[in-house]
1. When the stretch 140-168 is examined, which residues are found to be aliphatic (A, V, I, L, M) and more than 12 Å from Glu111 (Cα to Cα)?
2. How many residues, within the stretch 5-58, are in a loop (DSSP other than H, G, I, E, B) and under 17 Å from the mean Cα position of the chain (by Cα)?
3. Among the listed residues Gly151, Gly134, which satisfies the condition of being more than 18 Å from Gly115 (Cβ to Cβ), out of contact with any Lys or Arg (no Cβ under 9 Å at 6 or more places or on another chain) and either modelled with pLDDT of 95 or more or not in a strand (DSSP E or B) (or both)?
4. Does Ala31 satisfy being aliphatic (A, V, I, L, M), free of Cβ contacts under 8 Å to residues at least 40 places away in the same chain and in contact with a Gly (Cβ under 9 Å, 6 or more places away or on another chain)?
5. Has the stretch 96-112 got any residue that is basic (Lys, Arg) and without any contact (Cβ under 8 Å) to a residue 12 or more places away in the chain?
6. Restricting attention to the stretch 156-168, report how many residues are assigned to a loop (DSSP other than H, G, I, E, B) and buried (at least 19 other Cβ atoms within 10 Å of the Cβ).
7. If the requirement is being within 23 Å of Leu138 (Cα to Cα) and either at pLDDT below 95 or not acidic (Asp, Glu) (or both), which of these qualifies: Arg86, Arg107?
Amino acid sequence: MSPSRLALVPGVPALLPSYASIDDPVADLRAACLTAAGSLGPRVRVVAPHDLGRRVARQLLAEVGAEESTDDPTGTLVVGNGSAKRTLKAPGHFDERAEVFDDDLRRALLEPIPGALTGFDERLAEELWADLAGIRALADLLTPAHRAEVGYDDAPYGVQYWVVCWSA
C-alpha cells in the first residue's frame, strides 16, 4: 500500500546547522522544506540514499518535531534534486541539456508519471549531477490518485531544487 502523504526535498548542505550563517542564503527553500516535513505527521519514513540526504532529512524532521520511523509511518520524506549544471556558476558548470532534463523530471513528478521516474537516462543524470536515487523510489510510492502541491521550484546557484508534497 502506498503512503498517502509524500514529500520531496533537496539534500542541500545549507539546510544543516553546521552550514548556518548570519544571513540564510536559502530562507525560502528552508521554509518550504519545513512545511513539507511538517505535513508528513509524527512518524516519517526517510528515503535518502546518500549520507548528506539522510542528515538533511533528519534535521528537518527534528525541527518539526517528527521522528524517523519505519514502523507504521504517517508519511514518507524523499530526498533528491534535479541537475546541478543550469548556469555558468553552477557547481557542475553549464550544460545545455540541464534545463530540458529538469523540465522532463518536473513533469514526471507533478503529473505524476511513476514509470517516467525510472526511465531517465542514468548516465545523463550523472553527467548533469542530478540526484535521482531517492526520486526513483517515488515510482513505487506515487499512484495516479496522488496530487502534487509545489512548495518550491527554483534553481538557485544553478542547481534545480523542488519541494513537492503529494497527498492521495
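1. The first filter runs over the stretch 140-168 and keeps only residues aliphatic (A, V, I, L, M), leaving 141-142, 145, 148, 150, 155, 159, 163-164, 168.
Selection gives Leu141, Ala155, Val159, Val163, Ala168.
2. To start, the set of residues in the stretch 5-58 that are in a loop (DSSP other than H, G, I, E, B) comprises 10-12, 16, 20-26, 39-42, 48-50.
With under 17 Å from the mean Cα position of the chain (by Cα) added as a condition, the list becomes 10-12, 16, 26, 39-40, 48-50.
Total meeting the criteria: 10.
3. Values: Gly134 fails: more than 18 Å from Gly115 (Cβ to Cβ).
Of Gly151, Gly134, the one residue that is more than 18 Å from Gly115 (Cβ to Cβ), out of contact with any Lys or Arg (no Cβ under 9 Å at 6 or more places or on another chain) and either modelled with pLDDT of 95 or more or not in a strand (DSSP E or B) (or both) is Gly151.
4. Details: aliphatic (A, V, I, L, M): yes; free of Cβ contacts under 8 Å to residues at least 40 places away in the same chain: yes; in contact with a Gly (Cβ under 9 Å, 6 or more places away or on another chain): yes.
Taking the combined requirement at face value, the residue satisfies it.
5. Yes: the stretch 96-112 contains one or more residues that are basic (Lys, Arg) and without any contact (Cβ under 8 Å) to a residue 12 or more places away in the chain.
6. In the first step, residues of the stretch 156-168 are kept if they are assigned to a loop (DSSP other than H, G, I, E, B); the result is 159-160, 168.
Keeping just the survivors that are buried (at least 19 other Cβ atoms within 10 Å of the Cβ) gives 159-160.
The qualifying residues number 2.
7. Working: Arg86 fails: within 23 Å of Leu138 (Cα to Cα).
That would be Arg107, the only listed residue that is within 23 Å of Leu138 (Cα to Cα) and either at pLDDT below 95 or not acidic (Asp, Glu) (or both).
This table checks each residue for (1) surrounded by fewer than 18 Cβ atoms within 10 Å (Cβ to Cβ); (2) within 17 Å of Asp154 (Cα to Cα).
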| site | (1), (2) |
| --- | --- |
| Ala20 | yes, no |
| Val26 | no, yes |
| Arg43 | yes, no |
| Gly65 | yes, no |
| Val100 | yes, yes |
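The values are calculated or read from the model by the stated rules, or taken from the named source; none is laboratory data. This one's a predicted model, so the numbers in the text were calculated from it and none came from an experiment. Please note: Cβ atoms are built from the backbone with ideal geometry, for glycine as well, and neighbour counts cover all protein chains shown.
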